[in-house]
Amino acid sequence: MKRQSPSKDLLRSRDQQPGSSGDPGTSGAPVSRGETPSVEVRELVKRFDRGRVTALGGVDLAVHPGELLVLVGLSGSGKSTLLRTLNGLETPTSGQISVFGQDPSALGRRDLRRLRHRIGFVFQQFNLVGRVTALENVLSGALGRLKGPRYGVLTYRPQMRREALEQLGRVGLAEKSFQRTDTLSGGQQQRVAIARMLFQKPELVLADEPVASLDPESSRQVMEVLFACCAEDNLTVVCSLHQVDLALGWADRVVGMRAGKIVLDRPVDQLDDASTRAVYEAPGEEQ
Amino acid sequence: MATPSGPLTTGTSATPPRLRPPWTLQRMRFAVLGLVAFGLLVVSMHQTGVSPARLFASIDDLIGLFQRMWPPVYFEWRRYLDALVVTFFMVVAATGLAIVLSIPFAVLSARNTTTGRIAYSVSRGIIVFTRAVPDIVWALVFVRAIGIGPLAGVLAMGLNSIGMLGKLYADAIEEAPQGPIEAMRAGGASRIQVLVTGILPQVIPTWVSLSLYRVDINVRTSVILGFVGAGGIGFELQRVLGQLVYPRALTIVFMMFLLIASVEQISAFARKAIISGEVTDENPFKLRARVRAYRDERKPGSASATDEGGVEDGQGPAVAGPATTVMDPPAPGDTTSRTIASAPAAGTLGALSIDPGDGPLRPPRSTLRRKKSSSAIIAVVLFFVSCWVVGLTPQGLASSLVAVGQVGAGMFPPDFVTNWEGVLEMLLETFWIAVAATVMGMILSLPFAILAARNVAPSRFAYRASRFAMLVERGIPELILAVLFVVAVGLGPFAGVLALTVGAIGFSGKLMADAIENLPSPGIEGLTSVGASWTQRVFTGVLPQAMPLIVGIGIYTLDVYIRAATILGIVGAGGIGGILNSTVQTHAYDRTLAIVLLIFVAVYGFERLSGWLRQQLL
C-alpha cells in the first residue's frame, strides 16, 4: 500500500501557491509543511432540511499530509458534517472539496468507492456489526480492495486473516478476535473499529468524536491507541473531539468550529486556554 | 413562554389547576377510534346476523355436532397418515421455494438496498399482489392449471408466502442498524458487499425466525388446500365430509391438529434456540467470565484489558501474561508519548504472543457453530427431499408455468359485469364478517393474552392453561373451524364470524401475550412495591403500556381477517369466497379474475388505510 501518493490538487492551481500557509479565509493558521494538502475545502456550505438548517456556513480548511488535526467545537457546530462531507457520506450544498485532488461529491459510484478506500473513518457509535466476531468486523475493512461479497471469517484468505489479527493485536485485542463484538465493552468495540480502519490501510483518517460515548478512562485508552497507530503508520488525521487535552502530545493543529464556521485555527504549541474556551462560549453572537 | 407563576403543566395562566388531562390529539384519536370500533361492531353484528341470543344458541349446536362426531373411527388411519406425510413435505417444499424467491424481492423492496425507484415499485407490487390473492385461490387456479395433486398446493403456498416473507424480510433489512452499513460504505465497499457483510449477518436471525413462522402458517394452510384438490390431508377431510361420515372427520381433524401442533412446537423450539444463541449468557465463549473480566478491567487501578486470555480454546479467563503497555496511562502532556506509543504497538504483539504464523485463523469450534451449520444442512437436505416427493422439479416448475399461462389466458378480459350486484353485496358481507370477528375476537382474546404473558400471569397454572388454550386453538385452522361451524350452525356468514372470533384466541391472543411479555417491567414492579393487587397492576401498569400495541394488533387482525374472510365462502361460511369458488368450478375464469382483482383492490386499499391508521395512532 503506497502512502501519501502525490496527488494533483485541482483547486490549488486556481487559488494559491504550493507551500503557502493556510488560506486567508481562516484566522491565518501557519502550516509548516510544504506539501500538497491531502484535504482542501473552500467556502464549503451544507444545509439540511431544505435549507432551513445550516450545518456548514462557508468553511475553508487545508490539511497537509502527515498532519494530525483536531477539530473542536460544541455539538451541532458542524464538525461531523464536515468530516462526513469529506468522504462523500454527505453532499455539500455549495463550495469545493478536494481530497487527494478529487471531489467526492462529483465522483461516480466506482471512483467514490476507490476514494473512500483511501479514507479511514472512525465513528462515534463504532458502527460495528454486533452479531459477528471482532475479527470479522476488522476484516470488513478490506472490502474496498476486495471483489465480491464476503460472509464469515472463512471467506477471507488466511493471509488477510493474519494481517487482521495483527491489527487487532496493535489495539490490544488479539485475544478477543473470535468473541462476538456486541459482548465487548464500549472502549473495546471502538478499538475494534480502529483496527478495522487500520486494516483498511487508509492514507487519511477521519474520526468523528471517537470517544464521545465512552467513559473517561476508556476514552483515554482509545485515543492513545488511535493516535499511536496513526502516528506509527504516518497517517493524516482529522479528528473531532470534545476534550482537547486527550489530543495533547499528539495533535499538530487545533481547529475550532462554531455554528458552522471555523473560529480558531492554530498549531497546538501556540494554543492557550482562553482561545480554546472561546470556541465553547455560548453560540449566537458571531466573532 | 413562561407566564408569571403559571403552572408548568398547562399553558394558560388564568385557569385553576387542571384536574383532568387535557384533550390531546392522541387522546382524541383513541376516543374516536373507540367509538368507531363500537359503531362498527353494532353494524357488523346486524349485517352478519350475530346476536347474543344466537351466540348462546350456537353453543348447543356445537355440542350437538360433537355428539354426532363421537366416537372417532380409526380404520382408515394408514391412508390419512400417508396424506399427512405428503402434507408435511408440501409445507417444506413451499416454504423453501418461497424463501429462495423472496430474498431478491426483499432486497429490491427495502428502501436502503433497492437499486432504484422502478425496481422498488415493481417488487413491492409483486409482494403485495402475491399476498393479496389468498393461497386457496392460488390453489384453485393451480389445480385447474396443472391438475389435482400436491404440486398445485406447493406452488400456491409458495407464491402466497412470497408476499409475507418478502415484505417482512425487507422490513428486517430496513430495521437493521445502519451504522455498520455506513461504515462499510465509508470504507469503499460495493453494494453487494455491504449487503452480504453488513446486512446479512444482522438480519439472518430475524429471517430464520420469520421463515419458521411461515412454516407454521403454511402447515395450517396446507391442511385446507386439499379442499380444492391440492393434495394432502385436507383432501381426505373433504371426502369424508362429503360422505357425511362425521366420526371419520373427527379422526382427520385430530390428526391435522397433531401435525400442526407438533410442527409448531418444533419451530418454536428452533426459534428459541436461535434467540438463545443471541443471548450472551448462553454464548459458548464463556461470556459471563469475560464480562466479569472486563468489568474488572474497567475498575480504577487495574490497568489492563488483557488480563484474561486463552483464546485458542475459548475457555474464559486465564492469566495470559503481562499487561500491555498501550493501556498504561502516560503522564498528561507527556512529550515523549509518541515514542512510547509506537513501542506498545509492537509490544502488544509480543505480550500477547500473536505469532502471525500460527495464530488461530479460524473461529474456535463451538457447540453453537456446530449446531448452526448442522441445522442449516438438515434444512437444505429436507428441502430437496420435499421437492422430490411433491414433484417440484425444474421441469415440473416449467411445465406448470405453461399450464398456468393457459388458464391465465382464459382469464382475459376480466368480466366485471356479470352479477355485479351479487359480487358487491358479498364483498360488503366479507368486510362485515371481518369487522365483527375482529372486535369480538379481540374482546374474547384479551383475557387469554393477559393470563398467557409470563411476566403478568397471576400463577404458573394460569399461564400454562392459557398458553395451552391458545396452542389448541391455533392447531385448528380457521377454515377447518369454519367447516365445523357450518356443519353445526348452518351455511352463512354467522358460521364465518364464529370461526374467526374463536380463531382470534390463538392469533391475536398470542400476539398480544407476546407483546405484553416484551413490555418494560419497571412500571409493573413499581406498582408491586406500593402494594397494588394483581388486577390493579394489570389495569394500571400493563394495559396502559400495552394499549398502543393492542390497538396495533387489532388493526393488524382486521387486516388479516379481511383477507381470511374472503375465502370463508369456499366452505360456505359467507362472504365473497362462495362466488369465487363457483366461478372457478364453472370455468368462468374471466369472472374469477374480476373478483380477485376486486379483492386485491379492497385488500390493498385497506392495507393502506390501516397503515395510515397505525401511523395516526401509534
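The values are calculated or read from the model by the stated rules, or taken from the named source; none is laboratory data. Predicted, not measured: the structure shown is a model, and the values here were computed from it. Methodologically, a virtual Cβ is constructed for each residue, glycine included, from the backbone with ideal geometry; neighbour enumeration extends over all protein chains shown. These area figures cover heavy atoms from the full protein model, side chains too; ligands, DNA and RNA do not enter into them. Shrake-Rupley method; radii C 1.70, N 1.55, O 1.52, S 1.80 Å.
Can you tell me how many residues in the range A:81-91 are surrounded by fewer than 22 Cβ atoms within 10 Å (Cβ to Cβ) and either away from chain B (no Cβ under 12 Å) or among the hydrophobic types (A, V, I, L, M, F, W, C) (or both)?
2
Which pairs do you get when a residue that is within 8 Å of chain B (Cβ to nearest Cβ), found in the range A:120-143, comes within reach of a residue that is assigned to a strand (DSSP E or B) and at pLDDT below 90, reach meaning Cβ atoms under 9 angstrom, with the pair 6+ apart or on two chains?
Pairs found: A:G130/A:R180; A:R131/A:R180; A:V132/A:R180; A:T133/A:R180.
Quick test of your reading of the structure: B:A379 fulfils all but one of (1) surrounded by 13 or more Cβ atoms within 10 Å (Cβ to Cβ); (2) assigned by TED's automatic domain parsing to the domain that holds B:E473. Name the failing condition by number.
For B:A379, the exception is condition (2).
With part of a helix (DSSP H, G or I) and under 16 Å from B:V141 (Cβ atoms) as the only criterion, which of B:L401, B:L382 stands out? Walk me through it before giving the result.
On the way: B:L382 fails: under 16 Å from B:V141 (Cβ atoms).
Answer to the check: B:L401.
Just give me the residues in the range B:46-65 being under 32 Å from the mean Cα position of the chain (by Cα), in a helix (DSSP H, G or I) and closer than 30 Å to B:L250 by Cα, in sequence order.
B:T48, B:L55, B:S58, B:I59, B:L62 - these are the residues of the range B:46-65 that are under 32 Å from the mean Cα position of the chain (by Cα), in a helix (DSSP H, G or I) and closer than 30 Å to B:L250 by Cα.
Looking at (1) open to solvent by less than 10 Å² (accessible area, probe 1.4 Å); (2) more than 7 Å from chain B (Cβ to nearest Cβ), can you tell me which one A:G169 breaks?
Here A:G169 meets the rest and fails (2).
Quick grid of which residues meet (1) touching a helix residue (DSSP H, G or I) at 6+ places or on another chain (Cβ under 8 Å); (2) open to solvent by 30 Å² or more (accessible area, probe 1.4 Å):
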site: B:I162; (1), (2): yes, no
site: B:K167; (1), (2): yes, yes
site: B:D171; (1), (2): no, yes
site: B:E174; (1), (2): no, yes
site: B:A186; (1), (2): yes, no
site: B:G198; (1), (2): yes, no
site: B:V203; (1), (2): yes, no
site: B:R214; (1), (2): yes, no
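For the range A:147-166, what are the residues that are of a type in the set (D, E, K, R), closer than 28 Å to A:S218 by Cα and more than 7 Å from chain B (Cβ to nearest Cβ)? Show your work before the answer.
Quick first cut of the range A:147-166, residues of a type in the set (D, E, K, R) only: A:147, A:150, A:157, A:161-163, A:166.
If we keep only those that are closer than 28 Å to A:S218 by Cα as well, we get A:161-163, A:166.
A:E163 - this is the single residue of the range A:147-166 that is of a type in the set (D, E, K, R), closer than 28 Å to A:S218 by Cα and more than 7 Å from chain B (Cβ to nearest Cβ).
Looking at B:G509, B:G523 in this structure, which one is assigned to a helix (DSSP H, G or I) and either open to solvent by less than 10 Å² (accessible area, probe 1.4 Å) or modelled with pLDDT of 85 or more (or both)?
After ruling out the rest, the residue left standing is B:G509.
Filter the range B:75-98 for residues that are modelled with pLDDT under 85 and either farther than 29 Å from B:A139 by Cα or open to solvent by less than 70 Å² (accessible area, probe 1.4 Å) (or both) and give the result.
Within the range B:75-98, B:F75, B:E76 qualify.
The conditions are (1) in contact with a helix residue (DSSP H, G or I) (Cβ under 9 Å, 6 or more places away or on another chain); (2) more than 30 Å from A:L115 (Cβ to Cβ); (3) open to solvent by 10 Å² or more (accessible area, probe 1.4 Å), and B:S222 fails exactly one of them. Which is it?
(3)
Looking at (1) in contact (Cβ under 8 Å) with a residue 12 or more places away in the chain; (2) under 30 Å from B:G578 (Cα atoms); (3) in the same structural domain as B:G234 (by TED's automatic domain parsing); (4) surrounded by fewer than 21 Cβ atoms within 10 Å (Cβ to Cβ), which one does B:I127 not meet, given that it meets all the others?
The failed condition is (4).
Scan the range B:409-425 residue by residue and report those that are open to solvent by 100 Å² or more (accessible area, probe 1.4 Å) and of a type in the set (A, V, I, L, M).
B:V417
Could you count how many residues in the range A:127-140 are at pLDDT below 90 and out of contact with any Pro (no Cβ under 7 Å at 6 or more places or on another chain)?
Going through the range A:127-140 one residue at a time, the tally reaches 1.
Take the range B:99-137 and flag every residue that is in a helix (DSSP H, G or I) and modelled with pLDDT under 85.
As a first pass, look at the range B:99-137 and keep what is in a helix (DSSP H, G or I): B:99-109, B:117-132, B:135-137.
Across the range B:99-137, the qualifying residues are B:V128, B:F129, B:T130, B:R131, B:A132, B:D135, B:I136, B:V137.
Restricting attention to the range A:180-222, report how many residues are surrounded by fewer than 24 Cβ atoms within 10 Å (Cβ to Cβ), among the polar types (S, T, N, Q) and outside any helix (DSSP H, G or I).
Qualifying residue count for the region: 2.
Test B:A453 against the stated conditions and say whether it is assigned by TED's automatic domain parsing to the domain that holds B:G572, open to solvent by less than 40 Å² (accessible area, probe 1.4 Å), under 28 Å from B:G39 (Cβ atoms) and not β-branched (V, I, T).
Numbers: assigned by TED's automatic domain parsing to the domain that holds B:G572: yes; open to solvent by less than 40 Å² (accessible area, probe 1.4 Å): yes; under 28 Å from B:G39 (Cβ atoms): no; not β-branched (V, I, T): yes.
In short, no.
Filter the range A:184-209 for residues that are touching a Ser or Thr at 6+ places or on another chain (Cβ under 7 Å) and within 19 Å of A:M160 (Cβ to Cβ) and give the result.
Across the range A:184-209, the qualifying residues are A:V192, A:R196.
Any chance the range B:556-576 includes a residue that's open to solvent by 50 Å² or more (accessible area, probe 1.4 Å) and assigned to a helix (DSSP H, G or I)?
yes
For the condition within 29 Å of B:R591 (Cα to Cα) and of a type in the set (K, R), what is the one hit in B:R78, B:R68, B:R131?
Values: B:R78 fails: within 29 Å of B:R591 (Cα to Cα); B:R68 fails: within 29 Å of B:R591 (Cα to Cα).
Within the list B:R78, B:R68, B:R131, the selection yields B:R131.
Based on what the data block shows, is A:S177 open to solvent by less than 20 Å² (accessible area, probe 1.4 Å), facing chain B (nearest Cβ under 8 Å) and closer than 19 Å to B:E182 by Cβ?
Details: open to solvent by less than 20 Å² (accessible area, probe 1.4 Å): yes; facing chain B (nearest Cβ under 8 Å): yes; closer than 19 Å to B:E182 by Cβ: no.
It is false that A:S177 is open to solvent by less than 20 Å² (accessible area, probe 1.4 Å), facing chain B (nearest Cβ under 8 Å) and closer than 19 Å to B:E182 by Cβ.
Just the residues that are hydrophobic (A, V, I, L, M, F, W, C) and either open to solvent by 10 Å² or more (accessible area, probe 1.4 Å) or part of a helix (DSSP H, G or I) (or both), please, taken from the range A:236-248.
Just the residues of the range A:236-248 that are hydrophobic (A, V, I, L, M, F, W, C), to begin with: A:237-239, A:241, A:244, A:246-248.
Answer for the range A:236-248, where residues must be hydrophobic (A, V, I, L, M, F, W, C) and either open to solvent by 10 Å² or more (accessible area, probe 1.4 Å) or part of a helix (DSSP H, G or I) (or both): A:V244, A:L246, A:A247, A:L248.
Can you tell me which of A:S94, A:S75 is more than 8 Å from chain B (Cβ to nearest Cβ), open to solvent by 20 Å² or more (accessible area, probe 1.4 Å) and more than 27 Å from B:P177 (Cβ to Cβ)?
A:S94
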